[in-house]
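*Asks:* Mind having a look at this structure? Questions to follow.
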Amino acid sequence: MSTHAAGGEEHFAGSNKLFISVWVWLLALTGIEVYLGYKHLPVIYMLVILMGASIIKAALIVAYFMHLRFERLNLVLTIVPALVICICLMLLVFFPDSFRARELRYQGPVQPAAESH
Amino acid sequence: MATEAQAITGDWGGGVHPYRVGHRKLGMWLFIMSDSLTFSALLIGYAYVRASNVWPTPFKFYPSIVFSSIMTLVLLSSSLTMVMAVSASARGERSKVRMWIIATAVLGATFIVLHMIEWRHLIGEGLRPFALPKEWAEKWPGATPLFGATFFGITGMHMFHVFTGCIYLLVVAGRVNKLKHEDVEISGLYWHFVDLVWMFVFPMIYILSVDASK
């Protein structure tokens, strides 16, 4: 239990047992990430799985370690949607262009054209 | 709930804390938002450069992946010790708060030392911000020399945050008797944010660049 100086109200902010279980989950997800690094999956699958795992880890850290789950909804709604929208806007600009740029990648030395007889 | 509804309605009357946090804690949250965007921009820029170039995947199991995995374990453990510090602070156990915060700073320093060893190894191989080692350039023909720029830029920026975090924590540990519980919570917010950023840097920089060849 913790007391917030600003509100002076007591509210649940997690037990040590809860924090240790979150820590174990974070370690387990990290272990899965390292294991996947050696599974020779296509890079796009890797990216999706790794980013999914990272977002879950980030959510666990923000919700439990940073106590956001125990804060008032006002604060959560001020922080999270604005951040998500800003990051999505950045992705919106860069993602389509990275696919275009993908076609411009170095493809190796140019093969000499086969001679016709 | 009626009480919650009344409290929210009451927020509009002024003279209350609409977020139920102090102004310093709100300030730290806003700083974390802006810093998240800085790291997002760096990582999105990295993804863009990587997608549009031939990218080397040079990180061998030892030392790079072993070191970075241990660094992840150290940083996650430091977050746990920080949570313990905040819990002790909520109970008013000042000496325990100091002990847990110092443990957190020591783990942070361990992270920096391990990272410096990892950097030293890569620099020894010939990696520079704008040049690849000769062997890498031969193994991945046409690979962009920007690998070093993104690697040192992103991990360096993160390491700088860990370094400033260690100093911040030591200051808080030294002044713990004069500070309020919320001040300890605020230092915890910063530290957990540093941990959070590594949760994206580690897979994007290290795991996606594993050298799986024998």
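Since every read-out is calculated from the coordinates, none of them should be taken as a lab result. Please read these numbers as outputs of a predicted model, since none were measured by experiment. Counting neighbours? That spans all protein chains shown, and the Cβs are built from the backbone with ideal geometry, glycine included.
*Asks:* Across peptide A:74-81, how many C-beta atoms of other chains are within 10 Å of each residue C-beta, on average?
*Replies:* That average works out to 4.
*Asks:* Next question, about the same structure. Apply the Karplus curve 6.51 cos²θ - 1.76 cosθ + 1.60, θ = phi - 60°, to the phi angles in region B:66-81 and return the couplings in whole Hz, x for Gly and Pro.
*Replies:* 4, 4, 5, 5, 5, 4, 5, 4, 5, 5, 5, 5, 5, 5, 5, 5
*Asks:* While we're here: Going by average Cβ neighbours within 10 Å, how do the peptides B:77-88, B:199-210, B:43-54, A:16-27 rank, with the highest at the top?
*Replies:* Highest mean packing first, the order is B:77-88, B:199-210, B:43-54, A:16-27.
*Asks:* Right, next: Could you check the simple spin-label distance between A:V80 and A:Y106, using points 7 Å along Cα→Cβ, in nm with one decimal?
*Replies:* 4.4 nm
*Asks:* Any idea which of A:G31, A:V48, A:V62 is furthest toward the positive side of the dipole for region A:20-117, if Lys and Arg beta-carbons carry +1 and Asp and Glu beta-carbons -1?
*Replies:* After comparing all options, I get A:V62.
*Asks:* If the only charges are +1 at each Lys and Arg Cβ and -1 at each Asp and Glu Cβ, what is the size of the charge dipole of region B:14-167 around the Cα centre, to the nearest 20 debye?
*Replies:* Computed about the Cα centre, the dipole is about 520 debye.
*Asks:* Can I ask one more? Measure nothing but the geometry: give the 0 to 90° angle between the long axis through the Cα atoms of B:2-11 and the longest principal axis through the Cα atoms of chain B, rounded to 10°.
*Replies:* Here the helix axis deviates by roughly 80 degrees.
*Asks:* Tell me whether region A:37-117 comes out rounded, prolate or oblate; compute the Cα gyration tensor, take square roots of the eigenvalues as a ≥ b ≥ c, and use a/c under 1.5 as the rounded threshold.
*Replies:* Because a/c hits 1.5 or more and a/b fails to exceed b/c, region A:37-117 counts as oblate.
*Asks:* Still on this structure: Work out the mean other chain Cβ neighbour count within 10 Å for the residues of B:77-90 and drop it here as an integer.
*Replies:* Mean shielding by partner chains, rounded to a whole number: 4.
*Asks:* What shape does region B:22-131 take by its C-alpha gyration tensor, where a ≥ b ≥ c are the square roots of the eigenvalues and a/c under 1.5 counts as rounded, a/b above b/c as prolate, and the rest as oblate?
*Replies:* Oblate, because a/c is 1.5 or more while a/b does not exceed b/c.
*Asks:* Moving to a separate point now. Might you report the magnitude of the Cβ-based charge dipole of the protein assembly as shown about its Cα centre, with Lys and Arg at +1 and Asp and Glu at -1, to the nearest 20 debye?
*Replies:* Approximately 500 debye in magnitude.
*Asks:* Please average, across the residues of B:32-43, the number of beta carbons from any other chain that are within 10 Å of each residue's own beta carbon, and give a whole number.
*Replies:* Mean number of neighbouring Cβ atoms from other chains: 3.
*Asks:* Further question on the same structure: Hey, if you put +1 on the Cβ of every Lys and Arg and -1 on every Asp and Glu Cβ in region B:65-214, which of B:L73, B:L114, B:C166 ends up farthest toward the positive end of that dipole?
*Replies:* B:C166
*Asks:* Here is a follow-up. Let me confirm the definition first: pairs of Lys residues in the protein assembly as shown, 8 or more apart or on different chains, C-alpha distance under 30 Å. How many are there?
*Replies:* Number of lysine pairs found: 24.
*Asks:* With axes computed from alpha carbons, what is the tilt in degrees of helix B:181-201 against the longest principal axis of chain B, rounded to the nearest 10 within 0 to 90?
*Replies:* Taking the Cα atoms of chain B, the angle to B:181-201 is about 20 degrees.
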